[in-house]
Amino acid sequence: MLLILNHPNKLKYEKYNGMDLTAKSQEELDNAEELRNLKKVEAALFISARYLTVQELVELTDINPLLLREMLEKLRENYQKTDTSIEILNKDEFWKMDIRQEYFDMINRIATGKAEFTKAEQETLAIIAYKQPVKQSVIIKIRGNKAYEHIKHFVDVGLLKSKRAGHTLELNLSESFYDYFHLEKKSEQEKEKKSEEIEKNEGKKENSENKQPESE
């Protein structure tokens with residue numbers, strides 16, 4: 001110790017033994033903190049299984065928004081560099097952990113075969129998906145009273161949205177439905193175009209049926 005204190009390069013020794021080691025320790029602490037934050041964000045995305053806003057992630061992880069965005073980008077880069085079936089998706093201000101597209105078919109087969117969705121429930125959901133927006137009373141007429149429980153189940157798990165429409169409910173698919181089954185939501189323009197085509201075809205059919213053959 002005396003040799004060091006009396007050494008002509010005393011400042012160099014102090015820098016090496018003090019400041020450099022302190023800087024190294026701080027760097028290690030920063031890296032450990034970053035790793036903890038990355039794990040927290042990863043866990044939040046994994047558990048949610050849906051798109052989350054930055055604000056929702058802030059509330060779940062207690063990480064400030066600026067740092068959170070940095071963690072999200074790093075996490076996405078990490079998954080992009082890794083040969084895995086998982087990826088981090090970003091749509092506007094929404095973030096989600098999901099399966100890569102090449103595995104969608106397999107996941108859909110697993111999802112539709114889950115015990116939580118019976119065959120009867122799947123059939124009810126399929127009809128709602130085809131006819132939406134549709135009144136609950138219409139579905140009950142098609143599927144019977146058992147459909148009340150089916151609809152309640154799907155609303156509870158977030159696959160359907162319902163709102164009061166007179167004495168019944170109007171049912172629509174939720175964003176979670178498209179996320180859950182990895183489907184792309186049709187735009188309003190596509191819906192309107194399809195509706196116009198159906199009306200146009202029905203009009204042609206009606207005109208054809210009403211047209212009387214000319215008498216000779």
Relative contact order, percent, the stretch 28-99 [alpha-carbon distance under 8 Å, six or more residues apart]: 34
Just grab the label-to-label distance for residue 172 and residue 83, each label 7 Å out from Cα along the Cβ direction, in nm (one decimal). 4.5
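Compute the signed sum of charges (Lys and Arg +1, Asp and Glu -1) over the other residues within less than 9 Å, Cβ to Cβ, of residue 54.
Spelling it out: positives minus negatives among the neighbours equals -1.
Return the subset of 74/96; 135/161; 119/146; 119/163; 119/152; 135/163 for which the Cα-Cα distance in this structure is over 18 Å, preserving the input order. The partial results should precede the final answer.
Working: 74/96 14 Å; 135/161 12 Å; 119/146 12 Å; 119/163 25 Å; 119/152 16 Å; 135/163 10 Å.
From the list (74/96; 135/161; 119/146; 119/163; 119/152; 135/163), the Cα-Cα distance tops 18 Å for 119/163.
Counting only other residues whose beta carbon sits under 9 Å from that of residue 86, what net charge do I get with K and R as +1, D and E as -1? Display every interim value, and only then the final one.
Working: positive: 100; negative: 87, 98.
So the surrounding residues net to -1.
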How would the stretch 28-99 be classified by its alpha-carbon gyration tensor: rounded, prolate or oblate, with rounded meaning a/c under 1.5 and the a/b versus b/c comparison settling the rest? oblate
What is the distance, in nm, between label points placed 7 Å from the Cα along the Cα-to-Cβ direction at residue 99 and at residue 69? 3.3
Amide H to amide H, which residues 5 or more places from residue 160 or on other chains are under 5 Å from it, using H placed in the peptide plane? 155, 174
Could you calculate the FRET efficiency of residue 55 with residue 90 from 1/(1 + (r/R0)^6), where r is the beta carbon distance between them and R0 is 22 Å, rounded to 0.05? 0.90
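Which of 100, 50 has the fewest other C-beta atoms within 10 Å, and how do the rest follow up to the most? Before the final figure, lay out each step's value.
On the way: 100 13, 50 17.
Taking fewest neighbouring Cβ atoms as first place, the list is 100, 50.
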Simple spin-label estimate for residue 76/residue 131, 7 Å along Cα→Cβ, in nm, reads 4.0
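Read-outs: derived from the displayed coordinates by stated rules, not from any lab. No experiment lies behind these values; they were computed from the predicted model shown. For neighbour counting, all protein chains shown are included, and Cβ atoms are generated from backbone atoms with ideal geometry for every residue, glycine included.
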